1. Using only protein heavy atoms and a 1.4 Å probe, report how much of residue 13 is accessible, in Å² to the nearest 10.
2. When we measure straight from the Cα of residue 57, which lysines land under 20 angstrom away, once same-chain ones fewer than 8 places off are left out?
3. Which three extents, in angstrom, do the Cα atoms of the chain have along their principal axes, listed largest first?
4. Using modelled backbone amide H atoms (1.01 Å from N, in-plane), which distant-in-sequence or interchain residues come within less than 5 Å of residue 139's amide H?
5. Return one number: the angle in degrees, 0 to 90 and rounded to the nearest 10, between the long axis of the Cα atoms of helix 213-234 and the longest principal axis of the Cα atoms of the chain.
6. If you count only protein heavy atoms and use a 1.4 Å probe, how large is the accessible surface of residue 16, to the nearest 10 Å²?
7. Any lysines with Cα under 24 Å of the residue 84 Cα? List them, leaving off those in the same chain fewer than 8 positions away.
8. So what J values fall out for the range 189-205 if you push phi through Karplus, 6.51 cos²θ - 1.76 cosθ + 1.60 with θ = phi - 60°, rounded to Hz, Gly and Pro as x?
Amino acid sequence: MRALFQSSLVKQDTYSIKDDSFHYLANVIRIELKEELLLLNGQGLKILTRVESINKKEIALSFLHEETDVRRYTFDLALGMPKKEALELCLKQATELGFRNIFLVRSDYSQMRAPEAFRIEKLLISALEQSNSSFLPKVVESTWESIVWNDYTRILMLDSQSSSGQLKVKTSFEKPQLLIVGPEGGFSPVELTALHSKPGMMIVNLPTPILRTPTALAVGAGIMLENLRNCSSEG
């Protein structure tokens, strides 16, 4: 379904879409009369609307339905920043996959700085709208040392340089988990030593060729989601 991010969204009988959002809906995607449009605030609120009128400056919407989602799982991502194209794809994927926080770490082998805040916001909103996701992640520039490791019941690290540990299957939906993914060059020896020592760390070395950072992120999230699915079916 077509969706539009509205940060100050509240329930009301009618909505008026103007300016940049109007241009996007009217001239880019060419929304039509009576078409339904989902409004999202990135904090769980979803409001379904219908297009009632379109003029040269404004689109009028009417309220149809409201729902408020709650997070079914709490995943955070610590990302050793890859190059620009891969980093932007990672930000989009993390939004689509429902990550809560994204820690951007300039690791030893990272080759770029974090994008400007407005560029990050644009990427996240685009992914939110395309996926109809309920939640917009928070992006934080970080270091490995500043992450509060004890906040997590399990930490999953995609590491092609080390041997895998045994995955612990039982993990609660309510408990936060952290996924660590490195940049194109992997982790430095110093980083590996420090990260492997963290409590709750689970190392995963997949039987695949070396994965690009966005691919590793998607695979890691899949492992975490599969674990939750198993716990749900066994419960």
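1. 120
2. Within the straight-line limit of under 20 Å, residue 57 reaches these lysines: 18, 34.
3. 61, 44, 31
4. Counting only residues 5 or more places away or on other chains, the set is 102.
5. That helix lies at roughly 90 degrees to the long axis.
6. Probe radius 1.4 Å; accessible area of residue 16 about 60 Å².
7. Within reach: 92, 122, 138.
8. x, 5, 5, 4, 4, 5, 5, 5, 8, 6, x, x, 6, 10, 8, 10, 10
The values are calculated or read from the model by the stated rules, or taken from the named source; none is laboratory data. Source: prediction; values computed, not measured. Note that we place each Cβ from the backbone using ideal geometry, even for glycine, and neighbour counts take in every protein chain shown. All accessible areas refer to the heavy atoms of the entire protein, side chains included, with ligands and DNA or RNA removed. Shrake-Rupley method; radii C 1.70, N 1.55, O 1.52, S 1.80 Å.
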